[in-house]
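Written below as structure tokens is the structure these notes are about.
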Amino acid sequence: MEMRSELERRPAGATGRRLGGLAVATLVAALSGARAAPAPDLKGATLCLSPLLSVSVTVESGASLKLSGLDTQVYAEARRLLRAGGVPYQEAQVCRRSSAGLSLSVRVRPIQGSAALETQVSASVEDGRAPGGSSWLGGPLRWSAVEYGQVGPTAAEVTAELWRDTRASLGRLVDDWQAANR
């Protein structure tokens, strides 16, 4: 499952065309605001974490660094932050039948034409009980967050950026869970 911002999907230099006196960009912005995502649906959620599937760490080709072992560290950090925030969770090999399966994706990719790297951390909670869906959990999205950052090419800087963004996403999840379950 890939989540991209509107700016990332739009080609560089793209501008809105005039449509009956209204700029298409303005019209799209107005429609986007009207269809804003609903509040997180975390009411009563007990998160499901899978030691095999909840965390995915990907380093795309062209990025010359190794992040082996980061997936187990991120998984342990997720458990620690959820526990510290009072968010109930259970662990299972596969979270298909869970109403709130947690998935974290950590990606590093080279920025074309540069020595810099882009980091992306996305987190989502999905309801795996419903039929269909487009992710490995196979259910509708209940909550999501994505963090982007650009850092220098050293492994230490990349790792620091990934940890910062992972903690920010998980912190937002804990805050949203607490707000939904007051």
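What number does region 47-180 give for Rg over Rh if you use C-alpha atoms and the Kirkwood radius?
Working: Rg = 15.1 Å, Rh = 15.3 Å.
So for region 47-180, dividing Rg by the Kirkwood Rh gives 0.99.
Taking 0.36 nm per residue of sequence separation and subtracting the Cα-Cα distance, how much length would be gained by fully extending the chain between R96 and T72, in nm to one decimal?
Details: separation 24, 0.36 × 24 = 8.64 nm, distance 2.07 nm.
So the chain would gain 6.6 nm between R96 and T72.
Grab the Cα-Cα distance for A155 and T46, subtract it from 0.36 nm times how many residues apart they are, and report the gain in nm with one decimal. Please list the in-between numbers first.
Details: separation 109, 0.36 × 109 = 39.24 nm, distance 3.48 nm.
Gain in length upon complete extension: 35.8 nm.
Any chance you could run the full-extension gain for R83 through R182? It's 0.36 nm times the residue separation minus the Cα-Cα distance, nm to one decimal.
Taking 0.36 nm per residue and subtracting the Cα distance, the gain is 34.0 nm.
Read the figures in this text as sums done on the coordinates, not as results from a lab. It should be emphasised that the depicted structure is a prediction, and the values quoted were computed from it without experimental measurement.
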